[in-house]
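Single-structure report; data block below.
Each value in this text was obtained by applying a stated rule to the coordinates, not by laboratory testing. Bear in mind that the values here come from a model prediction, so they are computed numbers and not experimental data. Note that we place each Cβ from the backbone using ideal geometry, even for glycine, and neighbour counts take in every protein chain shown.
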Amino acid sequence: MKYVCELLGINYPIIQGGMGNISNAPLAAAVSEAGGLGTIGCGTMTPDEVEKIIIQTKQRTNKPFAVNIAISVSPYTKELIELVIKHRIPVVSLSAGNPAPFIPALHEHGVKVITLVASVKHAQKAEAAGADVLVAEGVEAAGINSSLELTTFTLIPQIVKQVNVPVLAAGGIGDGKGLAAALMLGASGVQMGTRLIATKEAPFHDVYKQNLVQAGDTETMIFGRTVGRVRRILKTPYAETLHEREKAGMTLEQYNEWTSEAKHIQGAMAGDMENGFINSGQIAGLIEDVPSVKELLDSMMAEAGGQMNRSMQEWKEVQAKAGK
């Protein structure tokens, strides 16, 4: 945990997940200002669009933040790498593709590289390619997921056992107890997405935030298994339509059309739950309020510390009773 904080220049071992085309400066800056690592997700945005967000984020904070590039999703990967170097972004996270061709150039310019992985094999390859930090994401996470569908609880300890670089846990984490659990599994910190949607600084539609606050433990669904594109979204009228369409049969082309960035923006930014969708991880069932980012991160650290102290005390009492 301490090493990751020092490596990334942050106070708390908490980083923001890339949010694709709904990424924005207010939330990324707020996460960095609160002690975590804010992240700008490039999605399918053009370099000019991403550059505007980078500049806006720099105007809001002088603390480190990251840029996430989804390699196989963005048609501008090379240009985005150049943009990161131009603006001296200290951290880049690479996902949805092979990071190996891009890591040397980033390291040459002093950029720390985080790579998203979903299996031990992926983790070992990323480490061999030179990744500084790994984010191991379980199927509990929002949005596009690995078709392997491994859970965070099983994934983290297996990856930690097989690599030597720090591992951050992602998927199903949104409070201090989740942070404590990730640390106990061997992770050095966590990545969050869904929980940060429901914060005051996040410039998403109130309908999105309220849907998360009101969600129960079974309010998310997986769409796209039949075409090998696993995506976790919140149950909404449009999500139910997608479910019926998949049951009737669909092509990969139709899947891409129905889950396009435009459809996500329609749900997340316009609050149109009839014609657009909203990503959500399974952590939605634990979201009960809309705090500021600072309030959230501070409370998570306090809760994690308290939980670990209580567990340690109980452990000592059990050991003492057993005569050990």
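Looking at the stretch 263-324, the pairs of alpha carbons with a distance over 18 Å make up 65% of the total.
Cβ crowding within 10 Å ranks 226, 251 as 251, 226, fewest other Cβ atoms first. Across the stretch 266-274, computed HN-Hα scalar couplings (Karplus, 6.51 cos²θ - 1.76 cosθ + 1.60, θ = phi - 60°) run 4, x, 6, 9, 9, x, 8, 7, 8 Hz from first to last residue, x flagging Gly and Pro. Once backbone amide H atoms are built at 1.01 Å from N, residue 93 has 67, 68, 69, 114 as its partners under 5 Å, excluding neighbours fewer than 5 places away on the same chain.
For the stretch 177-274, a/c is not less than 1.5, where a ≥ b ≥ c are the root eigenvalues of the C-alpha gyration tensor, and a/b does not top b/c. That puts it in the oblate class. Taking a ≥ b ≥ c as the square roots of the eigenvalues of the alpha carbon gyration tensor, the stretch 5-121 is rounded, as a/c is under 1.5. Taking each of 86/125; 58/112; 63/161; 63/125; 52/294; 121/161 in turn, the alpha-carbon distance tops 21 angstrom for 86/125; 63/161; 63/125; 52/294.
Between 227, 242, 318, the Cα set farthest toward the positive side of the dipole of the stretch 221-324 (charges on each charged residue's Cβ, about the Cα centre) is that of 318. For 221, 45, 192, the sequence from fewest to most other C-beta atoms within 10 Å is 221, 45, 192.
Ranking 178, 99, 17 by Cα position along the charge dipole of the stretch 2-199, where only Lys, Arg, Asp and Glu carry charges on their C-beta atoms, puts 178 farthest toward the positive end. The average projected area of the stretch 221-324, computed from the convex hull of its Cα atoms over all directions, is 10.4 nm².
In whole percent, what relative contact order does the chain give with Cα contacts below 8 Å and a gap of six or more residues?
Values: 672 pairs, mean separation 53.4, N = 324.
16 percent.
Starting from the Cα gyration tensor of the stretch 97-224, take the square roots of the eigenvalues, sort them a ≥ b ≥ c, and report rounded, prolate or oblate (rounded when a/c is under 1.5, otherwise prolate if a/b is larger than b/c, else oblate). Cα axes put the stretch 97-224 in the prolate bin. Set against the 2.2 N^0.38 Å expectation for a compact globular protein, the stretch 2-199 has a Cα radius of gyration ratio of 0.92. Excluding same-chain neighbours fewer than eight residues apart, the aspartates and glutamates reachable from residue 200 by a Cα-Cα span under 12 Å are 289, 295. For the stretch 9-61, would you read off the P(r) tail past 17 Å as a percentage of all alpha carbon pairs? Every Cα pair in the stretch 9-61 considered, those over 17 Å come to 31 percent. Along the stretch 17-34 the Karplus relation, 6.51 cos²θ - 1.76 cosθ + 1.60 evaluated at θ = phi - 60°, assigns HN-Hα couplings of x, x, 10, x, 6, 9, 4, 7, 5, x, 6, 4, 5, 5, 5, 5, 5, 7 Hz to successive residues, with x for each Gly and Pro. Dipole check for the stretch 210-324: with +1 at the C-beta of Lys and Arg, -1 at the C-beta of Asp and Glu, and the Cα centre as origin, the magnitude is about 600 Debye.
When 315, 258 are arranged by Cβ crowding within 10 Å, least crowded first, meaning fewest neighbours, the order is 315, 258.
In a simple Cβ point-charge model (Lys, Arg +1; Asp, Glu -1; nothing else charged), the chain has a dipole of about 840 debye relative to its Cα centre.
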